[in-house]
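> Once you've had a glance at the structure underneath, I'll fire off some questions.
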Amino acid sequence: MSTRLVLDGITKHYVAGKNAVTAVQDVSFSLAEGEFLAIQGPSGSGKSSLLNICGLIDAPSQGQYYLNGNEVGRLNTAQRCEYRRRDIGFIFQHHQLLPAMTVYENVAYPLYLNKVAPKKIKLEVTQLLEKIGLSHRCHHLPSQLSGGERQRVGIVRALIKRPQLVIADEPSANLDHKHAHSSLMLMRELNEQHGASFIIASHDVFVIEHCDSTVNMLDGCRVPSS
Amino acid sequence: MNRLLIAVRNIVRDRTRVLSTVLIIAVGLMALLIGIGFMLSTYDALQEIAMRSEGHVIVLAEESEPARGGAHQQLVLANWQDMRDQVLDDERVLRVLPRARFEGLISHGMNSAAFFGTGVDPREEFRVHGPFLRTTNELDPWLAENEMPDLMLGSQLADTLKAEKGDVLTLKVQDREGEEKSIDVRLAGLYQTGIAEIDDHTLMVNLSTVASLMGSENISQLSIYLLQNKNSAEFKSLLQSKFNGVIVQTWDQRAELFDKVTAQYDRIFAVMGIIILVVVFLAISNTIALSIYQRRNEIATLAALGTRPMAIHANFILEACLIGVFATGLGMLFAYLAANAINLSHVMMPAPPGRTEGYQIFIYVSWPHYLLTSLLLIVTVMLASFLASYNNARVNIADALA
């Protein structure tokens, strides 16, 4: 398997008032194509900051970040936006479905952004919604769905464009065990079909157990597994 | 992906605030359109007064004082009968009225007053003024050429002279040679224009009365009434080239009051328009800014998914545009209903300065003005929403999603 992502000595400083806060300190790891990687650690350990850098939502203060062999750590805002649209899928803790869009429109949106032909969009969205058993909900708004259904829609929205990298921030945090399990299985299944690499920030032991590797964070630094 | 439908859903989500914004825009537009309707009806009335009093096209002798609005008391337009006959041959012409201006002193018993008189063709003169000159006479012909000529007096001048219909009054003038002349006239009736300055100082007699009094067949001007006002400028050019030794003017060149009032109203409604545009601008800016603040999370999600900032702005502009279209539609409906309600309720306005009587307010419904004003408001709405979204929609994705 080829290397999808390499983080080398990534550091992130924030300025909070007059103080500089170091959220991530000299973190390095790599991720192979199709790999499932968990980032775990207590609150404030730097998981989210690291995830934002991996997802090109934020830029590192120091260090190198390679995605598919390209240095992406120094990209400007527009270039990062371009990468996110094309190559990165996001699964959010609170699903973050767009409330004015139906289930169908939420799932179709990444393809629409990538200017995929409408016929192809319809085909792909319909297939994926059937696969997760939500085709009967396609014209419903997110407010009309259950928590588990929303998270499944969020997962297929992240994967429909077949991204190379999927960032998942606490995807099971607001779900009961049954739904958390089914969501994880869905991610795994789509991961096997599409070959996307996953970085999942989670406290959930069940999620971590199903990942191929783990990065442990504490006070912004990577620490060995206990 | 139907962006219009998504924008509608976003608007409906925030219905309370959007409704207040829609009402602000709609009521503002209604006020503006009612004002414009009033302005247009006033312009029309003033134009009608000016055209009916002076004619669409006026022919003066070159020796006349060409200053606008000046009283042309000199009787210097000679051979006007030929000119009138030639002009009347044109099928665009409705009437040609000769007018001879003169001035002097009028007495009734112990009461005397200075006057500005006009010698007119009574068969035609009282037909052209319409509702802008009311007379007490009921039967034609006025100003009969009896042994004692008839006289029509401005209503307030008659009050000053304490004269009543049938009374005999004396006109005293200086003729062209400077010799004093006088003539007794019978008061045939009164007229009222509603303009104090005119009703207080003017009178009318038959053209032949002026000729015998002043010792001249000349007149001051020929007032030409056309079937359609739009032909005025063209007809003026035609007469200017056809007749030598005359000055030809269109009604608007002599309508000083019309110019003053339109300039004044234009300024008033420009200020009113600017105020309403500012209110609309602030209302929509506020709505969009609050909407952005409430939807920071969605904006961050859109940005995280790779939506370009301009596309996010475009969503807000589209929403504002829809609000603007709906609000202006409602505003036009409000204005249309209010205009009709006002017109049907016969509301009277108080007498304006210089006039002796009020008038019924009338509001025009001008669809071109309705559409143009609405378009201006929609452009304002779009500009306000662009600035509001440009200033507020640049969220830090990480912070907004935390």
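> If I fit a long axis through the Cα atoms of helix B:309-344 and take the longest principal axis of the Cα atoms of chain B, what angle between them do I get, 0 to 90°, rounded to 10?
So the helix axis and the longest Cα principal axis differ by about 40 degrees.
> Which residues of segment B:1-42 end up with at least 50 Å² less accessible area in the presence of all protein chains than when their chain stands alone, using a 1.4 Å probe?
Residues shielded by partner chains are B:Met1, B:Arg9.
> Are there any residues in segment B:290-321 with a reduction of at least 50 Å² in accessible surface when going from the isolated chain to the assembly of protein chains? Probe 1.4 Å, please list them by number.
Hits at the 50 Å² cut-off: B:Thr301, B:Ala304, B:Leu305, B:Gly306, B:Arg308.
> Also: When we measure straight from the Cα of B:Lys242, which aspartates and glutamates land under 19 angstrom away, once same-chain ones fewer than 8 places off are left out?
Within the straight-line cut-off, B:Lys242 pairs with B:Glu62, B:Glu63, B:Asp82, B:Asp85, B:Asp89, B:Asp90, B:Glu91, B:Glu234.
> Something else: For B:Lys172, which aspartates and glutamates qualify as cross-link partners when the Cα separation must be under 17 Å and same-chain residues fewer than eight apart are set aside?
Straight-distance partners of B:Lys172: B:Glu103, B:Asp150, B:Glu180, B:Asp184.
> Take peptide A:91-104, look around each residue's Cβ out to 10 angstrom, count Cβ atoms belonging to other protein chains, and average those counts.
That average works out to 4.
> On to the next question. List the pairs from A:Lys120/A:Lys178; A:Lys47/A:Lys161; B:Lys162/B:Lys260; B:Lys165/B:Lys230; B:Lys236/B:Lys260 whose alpha-carbon separation is above 29 Å, in the order I gave them.
From A:Lys120/A:Lys178; A:Lys47/A:Lys161; B:Lys162/B:Lys260; B:Lys165/B:Lys230; B:Lys236/B:Lys260, over 29 Å: A:Lys120/A:Lys178; B:Lys162/B:Lys260; B:Lys165/B:Lys230.
> Keeping the other protein chains in place, figure out the carbon and sulfur percent of the accessible area of the protein assembly as shown, with a 1.4 Å probe.
Using a 1.4 Å probe with all protein chains present, the protein assembly as shown comes out at 56 percent carbon and sulfur.
> Take each of the peptides A:76-82, B:272-278, B:295-301, average the number of other beta-carbon atoms within 10 Å over its residues, and list them starting from the highest.
B:295-301, B:272-278, A:76-82
> To the nearest 100 Å², how much accessible surface do chains B and A cover up together, summed over both, with a 1.4 Å probe?
Counting protein atoms only, the buried area is about 2000 Å².
> Note down the net charge around B:Ile195, summing +1 for each Lys or Arg and -1 for each Asp or Glu among other residues with Cβ under 11 Å from its Cβ.
Net of charged neighbours comes to -3.
> Please compute the average number of Cβ atoms from other chains found within 10 Å of each residue's Cβ in peptide A:55-63.
2
> Treating only the Cβ of Lys, Arg, Asp and Glu as charged (+1, +1, -1, -1), what charge dipole size does chain B show about its Cα centre? Round to the nearest 20 debye.
In debye, rounded to 20, chain B gives about 3040.
> Report ³J(HN,Hα) in whole Hz for each residue of segment B:209-219, in order, from the Karplus equation J = 6.51 cos²θ - 1.76 cosθ + 1.60 where θ = phi - 60°; Gly and Pro get x.
Per residue, the Karplus-derived 3J(HN,Hα) values read 5, 5, 4, 6, 6, 8, x, 8, 7, 5, 10 Hz.
> Same structure again: With a 1.4 Å probe and every protein chain left in place, work out the accessible area per residue of the protein assembly as shown in Å², rounded to a whole number.
47 Å²
> Would you list, by chain and number, the aspartates and glutamates whose Cα falls below 16 Å from the Cα of A:Lys122, excluding same-chain residues fewer than 8 positions away?
A:Glu105, A:Glu130
> What's the magnitude of the charge dipole for segment B:273-402 around its Cα centre, counting Lys and Arg as +1 and Asp and Glu as -1 at the beta-carbon? Answer in Debye, nearest 20.
With Lys and Arg at +1 and Asp and Glu at -1, about 160 debye.
> Oh, and also: Calculate how steeply helix A:118-131 sits against the longest principal axis of the alpha-carbon atoms of chain A, using the helix alpha-carbon long axis, and give the answer as 0 to 90 degrees to the nearest 10.
For helix A:118-131, the angle is close to 90 degrees.
> Across segment B:196-266, what fraction of all alpha-carbon pairs, as a whole percent, falls in each successive 10 Å bin from zero upward?
All Cα pairs, binned at 10 Å, distribute as 15, 30, 37, 17, 1 percent.
> Taking H as built 1.01 Å from N, whose amide H comes closer than 5 Å to the amide H of B:Gly104, not counting residues under 5 places away?
Close amide H contacts, sequence-distant or interchain: B:Phe115, B:Gly117.
> Report, in deg cm²/dmol and to the nearest 500, the calculated mean residue ellipticity at 222 nm for chain B, where each DSSP H run with n ≥ 4 adds -39500 (n - 2.57) and the sum is divided by the residue count.
-17500 deg cm²/dmol
> What is the helix-to-structure angle for A:103-113, meaning the angle in degrees between its Cα long axis and the longest Cα principal axis of chain A, kept from 0 to 90 and rounded to the nearest 10?
Taking the Cα atoms of chain A, the angle to A:103-113 is about 60 degrees.
> Moving to a separate point now. Can you run phi through the Karplus equation (6.51, -1.76, 1.60; θ = phi - 60°) for segment B:86-100 and list ³J(HN,Hα) in whole Hz, with x for Gly and Pro?
Along segment B:86-100, the couplings run 5, 5, 5, 5, 6, 6, 7, 9, 8, 8, 10, 10, x, 9, 10 Hz.
> With +1 on each Lys and Arg Cβ and -1 on each Asp and Glu Cβ, and nothing else charged, work out how big the dipole of the protein assembly as shown is about its Cα centre, in Debye to the nearest 20.
Rounded to the nearest 20 debye, it is 3900 debye.
The values are calculated or read from the model by the stated rules, or taken from the named source; none is laboratory data. Remember, predicted model here, so these are calculated numbers, not experimental data. Reconstructed Cβ throughout: ideal geometry from the backbone, glycine too, with neighbour counts over all protein chains shown. Areas reflect the complete protein model, heavy atoms only, side chains present, ligands, DNA and RNA absent. Shrake-Rupley method; radii C 1.70, N 1.55, O 1.52, S 1.80 Å.
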